[in-house]
Structures are given as C-alpha cells and as structure tokens.
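Visitor: First, the structure itself, so that you have it in front of you.
The values are calculated or read from the model by the stated rules, or taken from the named source; none is laboratory data. Predicted model only: the values in this text are computed from it and were never measured. All Cβ positions, glycine included, derive from the backbone under ideal geometry; neighbour counts span all protein chains shown.
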Amino acid sequence: MKLYFTEFHDEGTGIVFKIKKELFSAKSPYQEIKIFDTYTFGRLLVLDGLVMLTERDEFVYHEMLVHPAFYFKGKAEKVGVIGGGDGGTIREILKYPDVKETYLVEIDRMVVDASKKYLPFTASSLDDRRVKIFFEDGIRFLKERGEDFDLLFVDSSDPVGPAKALYSMEFYKSIKKNLKEDGIVVFQSESPWYHLDIIREQIEGLSKLFSSVKLYLASIPTYPGGFWSFTIATSRELVGERDYIPEGLRYYNKSIRETLFWLPEFVKNVTG
Ligand code: SAM
C-alpha cells in the first residue's frame with residue numbers, strides 16, 4: 001500500500017511526499033507531531049499538518065535564518081532562539097566561537113525529544129554545553145524576563161496554534177526589551193507567494209520599534225511556493241561587521257550575502 005503525505009498551501013495547491021515509513025506520530029498538549037521517512041527528501045518533520053523541515057533542504061532555512069545576522073553583529077556572546085525545537089538553528093549558531101551561551105525557548109518538549117531520536121542531523125547540537133533549553137512559551141518567557149541578547153532568532157512554526165501570538169506587537173515589544181541596544185532579531189517570516197499580508201503586517205509592526213527592518217529571501221523547495229522570507233530588525237544601521245563565514249555551509253556564501261536584500265518587484269512593493 002502506497003503512503004503519501006500532502007500539505008495544502010491553499011485550497012488549490014500543495015505539496016505531496018511519497019512516504020517510506022511513518023517514524024513518529026503523537027499529539028502533545030500543543031500540536032500534532034509526525035516524523036516520516038520519505039523517498040526523495042529524507043526525514044520529514046510535520047507539525048499540525050504543516051511541513052517544518054526535511055532532511056534534504058533544512059540547511060537552506062537554518063543557514064539563512066542565522067548567518068546574515070552574524071555578519072551584521074561583529075560580536076555575539078549571548079544568543080536566543082524562540083521555537084526551534086528541532087535544533088537546526090542552534091546547530092548553525094554554535095558555529096561561531098564567540099557565542100558563549102545560547103537559550104532555546106521551545107514550548108513543546110515532545111518536539112525536542114522526537115527530534116533527538118529521529119532528526120539527529122539537526123538535534124545533535126542540543127546537547128552542546130553552551131545550550132540552555134527552556135520548555136516554555138516564548139511569549140511568556142520574553143514578557144517576564146529581561147535578558148540582554150546580542151541576537152534573537154524567532155524560529156517558530158506558522159502563525160497558527162501556539163505560534164500565532166509570535167506575530168503580535170506585544171511580542172515584538174518583548175523582543176526589544178530582551179535585546180541589547182545594538183542587538184538584532186531575525187524572524188522566519190513565511191512565504192512571499194502565500195503570505196504577503198503576514199509579511200507586510202510584520203514589517204509594519206517591527207518598523208514601529210526598530211529603525212532598520214529588512215526582508216530577504218531563500219529558495220526552499222518544500223515550503224509553500226518554494227520560496228521563503230526572513231525579516232531582520234535592529235535599532236541601528238545594518239552594515240557588515242564580521243567577514244567570517246563558517247566552513248562547510250551549503251547555501252549561504254559571500255555572493256548571497258552581497259545580494260541579500262535584492263528583492264523581486266512583487267515583494268519589494270510590499271516591503272516598502
Ligand atoms: N526549524 C524548523 C524549520 O526548519 O523550519 C521549523 C521550526 S520549529 C520546528 C518551530 C517550533 O516552534 C516548534 O517546535 C513549536 O513547538 C515551536 N513553537 C511554536 N509556538 C511557540 C511558542 N509560543 N513558544 C515557543 N515555541 C513555540
């Protein structure tokens with residue numbers, strides 16, 4: 001019997017994976033978690049029916065979420081991640097020797113446990129001594145705490161379920177409160193093909209709090225439209241302060257860096 005996993009991006013389009021085996025399936029107090037082995041994209045993590053990552057293309061997302069911010073922030077000793085329970089973002093952060101401690105604030109312990117068991121290519125970094133994991137709601141964590149992060153990455157699921165409130169002014173204010181004066185925050189900010197409204201709202205909201213807010217894109221074949229966006233925000237100018245790029249990256253490089261903010265017209269019109 002053939003098995004397929006389908007994610008619908010809207011009522012008329014979607015993506016289909018032919019499945020070798022379902023490795024994990026459970027309902028946590030927050031979401032339904034599934035991990036499959038697929039024929040063409042390796043292992044696949046699905047939360048509430050939405051593709052989070054595949055073994056074959058997760059490097060694009062995690063490299064592009066993390067490395068541009070390190071270019072703009074010359075020194076980053078304390079780094080935070082909201083979400084990111086699969087560990088891919090932490091893996092990329094730990095490639096910088098100046099990072100002394102990194103906090104992972106992940107609401108769902110089950111995602112971390114399942115990732116450690118079935119997604120070692122992203123989760124192996126979670127055992128690094130520089131990582132502190134907080135199994136908490138990122139909204140509450142940042143509201144109650146007053147950290148001084150050099151960099152913050154919002155590696156959340158899509159704005160449904162537990163991640164919905166991660167796209168609110170209240171959350172953006174909490175982020176600013178927990179960032180150093182010259183700190184930088186980067187959000188995964190959804191698909192230019194399917195979520196331009198979310199992208200526009202997020203940029204408008206962040207622009208009320210940060211003087212520099214910019215969007216950049218990357219090609220991720222298993223995300224809606226095969227194209228994904230990231231939003232970077234800070235209260236200073238975004239100019240390069242670090243030339244170092246870690247060895248062995250497979251997507252991010254100097255030419256991607258130099259053309260980072262080049263956008264197609266239909267996206268440029270939204271971001272102003
Ligand atoms: N890093 C993956 C990728 O390659 O796109 C996907 C993102 S990661 C799996 C999304 C995580 O955000 C999930 O583990 C989810 O549990 C977590 N999350 C959602 N809402 C959250 C919240 N309010 N606070 C903390 N973590 C949250």
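Visitor: Criterion first (modelled with pLDDT of 95 or more, within 15 Å of the ligand (Cβ to nearest atom) and closer than 26 Å to residue 145 by Cβ) does residue 81 satisfy it?
Guide: Judged against the criteria, residue 81 is a match.
Visitor: What is the residue count in segment 9-39 for residues that are out of contact with any strand residue (DSSP E or B) (no Cβ under 7 Å at 6 or more places or on another chain) and closer than 14 Å to residue 222 by Cβ?
Guide: Residues meeting the conditions: 2.
Visitor: Also, I was wondering about something else. Residue by residue through segment 1-18, note down the ones that are under 25 Å from the mean Cα position of the chain (by Cα), among the aliphatic types (A, V, I, L, M) and surrounded by 12 or more Cβ atoms within 10 Å (Cβ to Cβ).
Guide: Across segment 1-18, the qualifying residue is only 15.
Visitor: Check every one of the strands (runs of 3 or more DSSP E) wholly within segment 77-178 and list those with 3 or more residues that are within 28 Å of residue 194 (Cα to Cα).
Guide: Result: 78-83, 149-155.
Visitor: Being surrounded by fewer than 17 Cβ atoms within 10 Å (Cβ to Cβ), of a type in the set (S, T, N, Q) and within 16 Å of the ligand (Cβ to nearest atom), is that true of even one residue in segment 34-41?
Guide: No, there is no match, as no residue in segment 34-41 is surrounded by fewer than 17 Cβ atoms within 10 Å (Cβ to Cβ), of a type in the set (S, T, N, Q) and within 16 Å of the ligand (Cβ to nearest atom).
Visitor: What strands (runs of 3 or more DSSP E) lie completely within segment 1-75 and have 3 or more residues being farther than 29 Å from residue 95 by Cβ?
Guide: Here the list reads 3-8, 14-27.
Visitor: Taking into account only those residues within segment 147-171 that are among the acidic types (Asp, Glu) and out of contact with any Lys or Arg (no Cβ under 8 Å at 6 or more places or on another chain), which is nearest to the ligand (Cβ to nearest atom)?
Guide: Top of the filtered list is 155.
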